[in-house]
Amino acid sequence: MTAHTGPADSSQFPAARAGPKIRGQVESPVHSAVPRHVAIIMDGNGRWAEQRGLPRLSGHREGVNAIPRVLDVLAGRGVEYLTIYAFSTENWSRPSSEVEGIVELLHETLQRDTDILNEKNVRVFHIGNAERLSQDIRKAVERIQDMTRDNTGIVLNVAFDYGGRQEILAAVRQLIRDGVPAEDVTEELFSHRLFTAHCPDPDLIIRTGGELRISNFLLWQSAYSEYFHTPTLWPDLDDAELERALDSYGNRQRRFGNITPDPGE
Ligand code: IPE
Ligand code: IPE
Ligand code: MG
């Protein structure tokens, strides 16, 4: 797991080393019209099902089915990292039948798709806590991470039992446990204690399902992310709308607090 047992070895990820910086944008490489890291809040599965008179779990199943297509489109466009928000720390508060169904769906998906993702050269990471998952699921998560470790294609971060506040607190606790002196705590050091130590910050965050909120997703990492939101429910997000999100990103001016655009633009 990439849990808080220590940061991933970012030296294997040249892309991460060259990732966008919150400050010092002069150091950042040429601003590309294509986001390097896209993160998606995949919301609206329940409503998708309810609109069809189906149980909510059918919506979650349809939501999982939508992921490979989105992954292919983004990888085809040159996106290097995709983070998908599958289950938040707060989602445990849903009725147990829904939670159990989603957890089972995770297990099924890992069993069904591990080889497919590996064949596609995707590198998979779990971001979030593993403690509440069963031994079987944890093993399946470890298996997919190990199996795809040397893959060189798009990096897929699956945020499951993920919460931004909890991630920040865990990083703070880890810094204290490591005995890091207060004056040595820098943004970079802190970032390397997060689940996303192996990635640059997200350039573009897409939220489907119409809500205009962050719902505890990538709170630290999203400091200068661009947002795209759509009322389309996650299972209905088609290639054309995904292209619209990418086009919208391509037309933004990122200033990172400065008054001139990113120098690469
Ligand atoms: C997002 O869809 C998936 C999870 C949060 C697990 P929802 O289940 O939140 O769908 P809506 O928002 O109720 O439609
Ligand atoms: C956010 O959706 C979490 C995921 C998509 C996994 P929610 O449906 O849980 O968010 P809220 O409750 O509407 O903020
Ligand atoms: Mg929702």
Study note, to complete from the structure: Share of accessible surface on carbon and sulfur in the range 28-250, whole %, 1.4 Å probe and ligands ignored, is 52 percent
Revision key, fill the gap. Projected onto the charge dipole of the range 28-250 (unit charges on the beta-carbon of Lys, Arg, Asp and Glu, signs +1, +1, -1, -1), the Cα from 99, 33, 230 with the largest positive-side position is that of 99
Check your understanding: Considering the chain, what Rg and Dmax in Å follow from its alpha-carbon atoms?
Key -> 18.1, 57
Review point. Could you give the nm distance between label points at residue 118 and residue 253, where each point is 7 Å from its Cα heading toward the beta carbon?
Key: 4.9 nm
**Study point:** Distance (nanometres) between label positions extended 7 Å along Cα→Cβ at residue 178 and residue 69
**Key:** 4.2 nm
**Study point:** Separation in nanometres of the label points that stand 7 Å from Cα toward Cβ, at residue 47 and residue 138
**Key:** 3.7 nm
Study note, to complete from the structure: In Å², rounded to a whole number, the accessible area per residue of the range 99-179 with probe 1.4 Å is 50 Å²
Review point. What relative contact order, as a whole-number percentage, does the range 28-250 give when Cα pairs under 8 Å and 6 or more residues apart are counted?
Key: 30 percent
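The values are calculated or read from the model by the stated rules, or taken from the named source; none is laboratory data. Not measured: the values here are computed from a predicted model. Here Cβ is always computed from backbone atoms with ideal geometry, including for glycine, and neighbour counts include all displayed protein chains. These area figures cover heavy atoms from the full protein model, side chains too; ligands, DNA and RNA do not enter into them. Shrake-Rupley method; radii C 1.70, N 1.55, O 1.52, S 1.80 Å.
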